[in-house]
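Visitor: Just passing along the structure, written as structure tokens.
Any read-out appearing in this document is the output of simple, stated calculations on the displayed coordinates, not a laboratory observation. All values derive from a computational prediction rather than experimental measurement. Cβ placement follows ideal geometry from the backbone for every residue including glycine, while neighbour counts extend to all protein chains displayed.
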Amino acid sequence: MGQVKGFHVAVVGATGAVGQQMLQTLENRHFPISQLTLLSSARSAGKKVMFNNEEYTVQEAKPESFEGVDIALFSAGGSVSKELAPEAAKRGAIVIDNTSAFRMDENIPLVVPEVNEEDLHKHNGIIANPNCSTIQMVVALEPVRQKYGLKKVIVSTYQAVSGAGAAAIQELKEQSKSLLNGESYEAKILPVKSEQKHYQIAFNAIPQIDKFTDNGFTYEEMKMINETKKIMHMPELHVAATCVRLPVETGHSESVYFEIDSQGVSANEMKQLLQEAPGVVLEDDPENQVYPMPANAVGKNDVFVGRIRKDIDEDLGFHMWVVSDNLLKGAAWNSVQIAESLVKLGLVK
Ligand code: L14
């Protein structure tokens, strides 16, 4: 980034699926780091982690760990964030929190830089990184809102197991192997580790991500609904979501139906708009069977959009297929991108 100054960066949850991608992303982006502190919950403390070919020992995160830290990236679960993010902020760090702990807090900006970077100016020490499924969807919807207006969104997701962490990836792999060998395998993690029942994910699809709320939607679905309205500054937007887990390792896919405000817009105009949208790569050529797929999105920062078509009965309605690496744009990259925005806007001391 060409900065002279470097920052003291802390990563909390450095050994996790997202934490590892955060380190890789900081490295790839040559983020200006003068000092790196790698932290985790007590469970993972003592583990060794590599950064820029140097070995670091991960320390247990404590309030004092944040003395002198400029930017703290949190991804060690909601309870760790609830306890320690305020402690880090109190000590002068800017926290970028990748859990759901603070996302709907009115005083905490919820940011996707392509959509609402300017909300960063309102931060009070903590910035929330949205849910992975929400992020990739709003990157594709924001240019639509700007040009044609937006009234309604109905989304179904096809989510990868890595969203549920490293243990869920292992469960998918071992379960697949066992089942192919004709052996039984007891599911222990998915759909939700803390729930009573666990179901087979290999060769299956599970219509539950996170626990159920009282209205019949899951928390994951409610996150997509509430976070989308907050990020896009559209409390009046109609949003509904159905979130489904698939036996895909990494890369979330979404079938998105949306209705705009302007009549007579063609599918080609919509494709043109998304082709030029920041953070979006258009992959839309049905004749040549070109469309986004998770296997192609892994390791990339972009949001891939395709299958754009106009609804047959509703002039205001469109369908699209949106795919992104849930660990990158859905988590680690969006967090590091927020850090880059903070530096660019002069918001880090
Ligand atoms: O809210 O299990 O950031 O795939 C996103 C991934 C919650 C869990 C969040 C998963 C998480 C979800």
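Visitor: Mean residue ellipticity at 222 nm from the helices of the chain, using -39,500 (n - 2.57) per DSSP H segment of n ≥ 4 over the full residue count, to the nearest 500 deg cm²/dmol?
Guide: -8500 deg cm²/dmol
Visitor: I would also like to ask the following. Under a cut-off of 16 Å between alpha-carbon atoms, report the lysines in cross-link reach of residue 329, not counting same-chain residues fewer than 8 places apart.
Guide: Filter leaves 300.
Visitor: Taking amide H positions as placed 1.01 Å from N in the peptide plane, with prolines and chain starts having none, which residues 5 or more places from residue 300, or on another chain, fall under 5 Å of its amide H?
Guide: 325
Visitor: Could you go through region 176-191 in sequence order and give the Karplus-derived ³J(HN,Hα) for each residue, using 6.51 cos²θ - 1.76 cosθ + 1.60 with θ = phi - 60°, rounded to whole Hz, and x for Gly and Pro?
Guide: Each residue's phi maps through the Karplus curve to give 4, 4, 4, 5, 5, 8, x, 9, 8, 8, 8, 5, 10, 10, 8, x Hz.
Visitor: With θ taken as phi - 60° and the coefficients 6.51, -1.76 and 1.60, list the Karplus ³J(HN,Hα) couplings across region 134-144 in order, rounded to whole Hz; mark glycine and proline as x.
Guide: Couplings: 5, 4, 5, 5, 6, 4, 7, 8, 4, x, 5 Hz.
Visitor: So, one more: Taking 35 Å as R0, compute the FRET efficiency from the Cβ-Cβ separation of residue 170 and residue 29 and round it to 0.05.
Guide: Using R0 = 35 Å, I get an efficiency of 0.80.
Visitor: So, one more: Need one number: % antiparallel among DSSP beta bridges in the chain, to the nearest 5.
Guide: Close to 50 percent.
Visitor: Can you figure out the FRET efficiency of residue 179 with residue 285, using R₀ = 35 Å and their beta-carbon distance, to the nearest 0.05?
Guide: With a Förster radius of 35 Å, E is 0.45.
Visitor: I would also like to ask the following. Tally the DSSP beta bridges in region 116-250 and give the antiparallel ones as a percent, rounded to 5.
Guide: 20
Visitor: Continuing with the same structure: Do you know the Lys pair count in region 24-156 for C-alpha distances under 23 Å, with sequence separation 8 or more or different chains?
Guide: 7
Visitor: Before anything else, pin down the relative contact order of region 1-67: Cα pairs under 8 Å, at least 6 apart, normalised by residue count, whole percent.
Guide: 33
Visitor: Once you have the Cα-Cα distance between residue 233 and residue 345, take 0.36 nm times their residue separation minus that, and quote the gain in nm to one decimal. Don't skip to the end; give the middle numbers.
Guide: Values: separation 112, 0.36 × 112 = 40.32 nm, distance 2.09 nm.
Taking 0.36 nm per residue and subtracting the Cα distance, the gain is 38.2 nm.
Visitor: In nm, give the distance between the simple-model label positions of residue 313 and residue 193, each being 7 Å from the Cα along the Cα-to-Cβ direction.
Guide: 4.4
Visitor: Here is a further query. Once phi is turned into ³J(HN,Hα) by the Karplus curve 6.51 cos²θ - 1.76 cosθ + 1.60 with θ = phi - 60°, what whole-Hz value does each residue of region 66-72 show in order, with x for glycine and proline?
Guide: Each residue of region 66-72 in turn: 9, 4, x, 7, 8, 10, 10 Hz.
Visitor: For residue 203 and residue 121, what is the calculated FRET efficiency with R₀ set at 41 Å and r taken between the beta-carbons, to the nearest 0.05?
Guide: According to the calculation, E is roughly 0.25.
Visitor: Can you give the net charge of the other residues whose Cβ lies under 12 Å from the Cβ of residue 210, counting K and R as +1 and D and E as -1? Numbers along the way, then the final one.
Guide: On the way: positive: 193, 211, 223, 245; negative: 195, 220, 221.
Once all neighbours under 12 Å are counted, the net charge is +1.
Visitor: Once amide H atoms are placed 1.01 Å from N in the peptide plane, what residues at a sequence separation of 5 or more from residue 244, or on another chain, have their amide H within under 5 Å of its amide H?
Guide: Long-range HN contacts for residue 244: 157, 158, 159.
Visitor: Name the residue farthest towards the positive end of the dipole of region 1-114 from the options 19, 100, 69, assuming +1 on Cβ of Lys and Arg, -1 on Cβ of Asp and Glu, about the Cα centre.
Guide: Towards the positive end, the residue furthest out is 19.
Visitor: What residues have an amide H closer than 5 Å to that of residue 127, excluding those fewer than 5 places away on the same chain, when H is modeled at 1.01 Å from N in the peptide plane?
Guide: 95, 96, 97
Visitor: Then there is this: Normalised by the number of residues in the chain, what is the relative contact order in percent for Cα pairs under 8 Å and 6+ residues apart?
Guide: It comes to 18 percent, rounded to a whole number.
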